[in-house]
Amino acid sequence: LLSGLNRKLYQELEPGMFVTMLAAVLDPETGVMEFACAGHPSPLLRAPDGSVSELSEPGALPLGAMADTAFRAHTVTLAPGSCVLFYTDGLDEAHNDKKELYGKERIVKTLRDCNGGAQDALDALLAEVARFAGGEPQSDDLTLITLSRDRKKR
């Protein structure tokens, strides 16, 4: 998917233009998620024990940057009670009146401190970044998608 889009965009975009993207497929029965990044921030996974990890290495090129870019697929199995955050760089690049960036460390801390599901994580992140920014205008798009796998019912 990403390689095909990349070839098309490389032909059609003006030089210097590009698109970031992340594509993911989830099997809700097994919790297996396959995904690939194209210049987009790596998803973050909060495990059931509260630990947070990055799901792929940063550095993948965006779509349209080079004609023949390969995009590495990653696979992870989401354990019951885990939560994944997909986000645009408008989250970690949000700034306060001192021009300090919100940064990945604050994202990780907020995810770690929130022990609820997808909606709880989303609410906590939006509240924390708004508190941090203190009314400063958003300088980039801010898109967050969270998903969680429910704990098994007995």
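Taken together, the values in this text are just the output of simple stated rules run on the coordinates, not laboratory data. Bear in mind that the values here come from a model prediction, so they are computed numbers and not experimental data. All Cβ positions, even for glycine, are placed from backbone atoms using ideal geometry, and neighbour counts span all protein chains on display.
Annotations
- Cross-link partners of residue 104 among aspartates and glutamates, defined as those whose alpha carbon lies under 12 angstrom from its own and excluding same-chain residues fewer than eight positions apart: 54, 89, 92, 93.
- MRE, 222 nm, helices only [DSSP H, n ≥ 4, -39500 (n - 2.57), over the chain, to nearest 500]: -8000 deg cm²/dmol
- On full extension, the segment bounded by residue 25 and residue 12 gains 2.0 nm, given 0.36 nm per residue less the C-alpha separation.
- Anisotropy class of the range 15-57 from Cα gyration tensor, a/c 1.5 cut: oblate
- Computed over every Cα-Cα pair of the range 1-126 and binned at 5 Å starting from 0, the pair-distance distribution P(r) comes out as 2, 10, 18, 18, 18, 14, 10, 6, 2, 0 percent.
- Taking amide H as placed 1.01 Å from N in the peptide plane, residue 32 has its amide H under 5 Å from the amide H of 27, 78, each at least 5 places away in sequence or on another chain.
- Among beta bridges that DSSP assigns inside the chain, antiparallel share in %, nearest 5: 95 percent
- For the range 65-107, applying the loop criterion from DSSP together with a ceiling of 10 other beta carbons within 10 Å to the chymotrypsin sites (Phe, Trp or Tyr not before Pro) yields no site.
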